[in-house]
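A short worksheet on the structure shown next.
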Amino acid sequence: MSNAARLRHAVLLACTLAAGTAGAAGAGEASAPQSYAPDYFRQFQASSAMDMATRLPGFVFDGGNPSRGAAGNVLINGKRPTSKTDSLNDVLGRIPAAAVERIDVINGGAGGIDMQGHATVANFIIKPIDLVSSSLTVSNFVMADGGWQPALDGNYNLKRGDKSINLTLGWRRSPDTGQGLGQRNTQYADREQPAELSLAGSGMTENKSVKLNYAQELLDGEISWNGAYNPWIYQSQSRQEAQTMALATNDNSGRTVEQGLAYTRDLWPGASMDLKALYRTSEFIGDSAYAADGTISHSITENAASEQILAGQLTWQALDGVVLRGGVERVVNANDSASSWQANAQAPVQPGMGAWVQESRVEGQLSSAWQVDSSLSAEAGVKLAHSSLSTSASQGDAKAYNYPKPRLRLALSPLPALQLRLRLEREISQLNFGDNAAYFGMADKTLRADYPDLVPAKTWLCEGALEYRFWDRGAAILSYTQAHISDAIDRMPIRTASSTYDAAGNIGDASADSVTGMLNLPTDNWALPQGLLKLSTTWRSSTVTDPTTQTARRLSGEQPLSWRVEFSQDLPQQRTVWGFSVDNGWSNDSWQVAERDTSSGSGWARAYVNYRPASNMMVTLELNNLASRSITYDRLHYAGGDRYASNVDFFEHNITRTQPYAMLKLRRDW
C-alpha cells in the first residue's frame, strides 16, 4: 500500500472516530467566543475594522470570493455582506474603528454560527450610536520608467438612529504588473536554429466606481439596500521584434451594475428570518489587434452576463446549544457570448464561436449546529440542489440534474489552547460558462453526438486540522485535506476520421491531497516587540487519467508547492508600522489535446511602512516586486494536433521580466 493510500485511510478513520467521540460526549456548558474590545487595538493604532481584523490573535483574514458566492470569514453583526461586487476588505475598510463595540472570534461553530466552511470566524459587533465619518485616500503608482498611475477614493458614512447610509466614490488607474521586457524562443523539430523574438509590453487598467448602501428598521426588522456601478477599461500593447516588427494590442472595456436587497427580523425568542435578493449584470467587449507587414487583423469578443438571486433562511435556537437552520435559494445565471475575426481591412468579418447559456438552480438546505459541551461542537446538514442548463444551440440541450450535498463538521478542544477540527463534505463545482459556450456552440453538433453532456464535477472532501494557540498572538495550524473527484472537468479530444478537436468535458475520476501548515509567531521575546512573523506553506498532489494519452498525471493548474513569509511590527512610540512579505510565486502545468503548457512566475517580494503624522492621517509607502519577478510560459506542441502517439513539432519558451514599482498613499479620516 502506498504512503498516500495509508494517509487517506488514516484520515477516513479519524473522521469515523471523531463521529463516535461526538456521540459519546456528555452535555455541559457551551464555550463562549473569545471577545476583543477596541482598547486592545489601540496599541496598533487601528483606524478601521480592517486594521482590527489583521491584528486579531490567531486569526487569518480570508476575504472569500464574493463574485463566485464564496463567503469570507468575517461577519458584521452576525451577518455576511449582501454585495457580490464589494470585497470584504473594502467593506471593513469603510467601518471606522470607533464604530466597533467588540469583535468575537468564533472557533468550530461555537454559538451556532454558520461557519461556511471556515475553521474560525470573526464577528464584528457595531455600536448602536449616531455616527458621522468620512475618509479620502489619494495614492499613486510610480513605475521604474518614471510613469505615474494615480488613484482617488472617497467614503462617507452617516448613522442617525435606525438609519444609516454609506457612499463610496472611486477612480483608479493601475499598471499591468505582468508586462515587461522579454523574449520568445521557438525550437522547431525540423530546424537546427531556434526562431527568436524580442518582446516589450505594457498595460493599464482604469476603474471607476460608485457604491451606495442604505439601511433602516422596518416592521420590527432591518432592511438594507446596496447598489454599485463600475465601468472599466484595459489597454495593453506588446511590441514584437525579429527580422520584422509586429504590434499586438488589446483594447477592452466593460461595466458591472448591481442591486441588492436584504431583510432580517426576529420572529420569536430564539428564531430569526433572513431574506435576500440580488440582481447583477456585466458587459464586456474586447478588441485584440495584430499589426504586421502593413496588415492589421482584428479579433472581437463580446459578452453579456446576468445573475439573479432570491434566498430565504430561518434560524431557530431549539434548545440550549442547539441551532437549526432551513432555507431555500434560487439562482439564475445567464451568459451570452459572441466573437468574430477579420483578417484585414478588405476581408469580410468572419463569425466565430459563441453561444447563449443559462443555468437555473434551486437549492434547499437544512442544518443543525450543536454545542455538545465546552470542548465539543458539531454541525451537520444537507443541501439539495436542482440545476438545469439551457443553451441557444437547441432546446434538446436543456438538461436538469439533482445533487445532494451533505456535510459534517466537528470541533474538539481537549485543552483550551488546542483544537482538533474534522470536516466531511460533498461539493458541486460551478460550471464555467466559457466551457459551456464552446462545447454547446460547436458549429457541427454531430461532433459531440456520441459524448455525454458536460456536467459539474462532484467532490467528496475529508479534512482534518490541528490548531494550537500560544502566548498572546501565537498560533500553529496543520491541516490535511483529501478530495475524491468524480466527473472532473478538463480539455478532452473529440476525434473523427479526419481531424481531432479540443473541447472541455468530463474526463473521469480524480483524487487530490493537500497538506497546509501555518505558524503565527510573536517576536516579543526576540528583541522585536509588537512584531509578528507569519509562515505558511501548502503541498499538493493529485492524480487523474489524461483523456488524450490515457496515462496518469496531475490535475491541470495545480501548484505542487507554495509558501509565504510575512513579518510586521508595530512601533507605537514612532507611530509607525513596517513589514515585508516574500512568496515563491507559482508554477503549474495544463494539458490540452495538442500541447502541454507550463506557466510559472518567480518569487514576489514586498516591503511597506505606515506612518501616522496625526491620529486621523496615515501615509503609506510600498515597494513592490523587489525581486523583479520573471514570468515564463512554455508550450510543448505535438504534430497533428494530438498528443497521442505523436511527436513534438515545436517547443516555445516565453519569458517576461517585470519591473519593481512603488506605491505612495495618503489617507485622511474625519
Task: Solvent-accessible area, 1.4 Å probe, carbon plus sulfur percent, for the chain - done: 57 percent
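Students often get this wrong, so check it: of Lys211/Lys405; Lys79/Lys127; Lys79/Lys534, which have C-alpha atoms separated by over 25 Å?
Values: Lys211/Lys405 35 Å; Lys79/Lys127 15 Å; Lys79/Lys534 29 Å.
In this structure, Lys211/Lys405; Lys79/Lys534 exceed 25 Å between Cα atoms.
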Task: Ranking by accessible area, most exposed first, for Arg423, Arg554 with a 1.4 Å probe - done: Arg554, Arg423
TODO: Measure nothing but the geometry: give the 0 to 90° angle between the long axis through the Cα atoms of 3-24 and the longest principal axis through the Cα atoms of the chain, rounded to 10°.
DONE: 30 degrees
Task: Two-site label geometry, Gln550 and Trp171: point separation in nm, points 7 Å out along Cα→Cβ - done: 6.2 nm
TODO: Be a star and scan region 645-670 for residues whose amide nitrogen sits under 14 Å from the point 7 Å along the Cα-to-Cβ vector of Asn140.
DONE: 662-667
TODO: Determine the distance separating the Cα centre of region 642-670 from the Cα centre of region 182-198; give it in Å without decimals.
DONE: 20 Å
- [ ] May I ask you to list the aspartates and glutamates whose Cα is less than 12 Å away from that of Lys163, ignoring any residue fewer than eight positions away on the same chain?
- [x] Asp130, Glu217, Glu222
- [ ] Over region 517-670, calculate the relative contact order: mean separation of alpha carbon pairs under 8 Å at least 6 apart, over the residue count, as a percent.
- [x] 17 percent
- [ ] Report the accessible area of Ile300, computed with a 1.4 Å probe over the heavy atoms of all protein chains in place, in Å² rounded to the nearest 10.
- [x] 50 Å²
Open item on the list: I'd like the FRET efficiency for Ser368 and Ile125, computed as 1/(1 + (r/R0)^6) with the beta carbon distance as r and R0 of 25 Å, rounded to 0.05.
Closed with: 0.55
- [ ] Mind checking which aspartates and glutamates have their Cα closer than 17 Å to the Cα of Lys383? Skip sequence neighbours fewer than 8 apart in that chain.
- [x] Asp114, Glu329, Glu363, Glu425, Glu427
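With r defined as the distance between the Cβ atoms of Arg495 and Lys208 and R0 fixed at 41 Å, what FRET efficiency is calculated, to the nearest 0.05?
After rounding to 0.05, the efficiency reads 0.30.
Roll a 1.4 Å probe over the protein chains and send me the accessible area per residue for the chain in Å².
Result: 49 Å² of accessible area for each residue.
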TODO: Rank by packing, highest mean first: peptides 555-566, 143-154, with packing defined as the count of other Cβ atoms within 10 Å averaged across residues.
DONE: 555-566, 143-154
Task: Correct choice for Rg and Dmax of the Cα atoms in Å that was computed from the model, options (i) 27.3, 91; (ii) 25.0, 77; (iii) 26.8, 81 - done: (iii)
- [ ] Check the straight Cα-Cα distances from Lys208 and name the aspartates and glutamates below 16 Å, setting aside those fewer than 8 residues away within the same chain.
- [x] Asp86, Asp90, Asp153, Glu258, Glu283
Task: Structure-based [θ]222 nm, the chain - -39500 (n - 2.57) summed over DSSP H runs of at least 4, per residue, nearest 500 - done: -2000 deg cm²/dmol
Task: Alpha-carbon centroids, region 349-426 and region 199-217: separation in whole Å - done: 30 Å
Open item on the list: Can you compute the label reach from Asn647? Point 7 Å from Cα along the Cβ direction, backbone N cut-off under 15 Å, restricted to region 475-499.
Closed with: none
Task: Sequence-separation-based contact order of region 294-380, relative, with Cα cut under 8 Å and 6+ spacing, percent - done: 31 percent
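The values are calculated or read from the model by the stated rules, or taken from the named source; none is laboratory data. Remember, it's a predicted structure, so these values are computed and weren't measured experimentally. Reconstructed Cβ throughout: ideal geometry from the backbone, glycine too, with neighbour counts over all protein chains shown. In case anyone asks, the SASA skips ligands and DNA or RNA and just uses the protein heavy atoms, side chains included. Shrake-Rupley method; radii C 1.70, N 1.55, O 1.52, S 1.80 Å.
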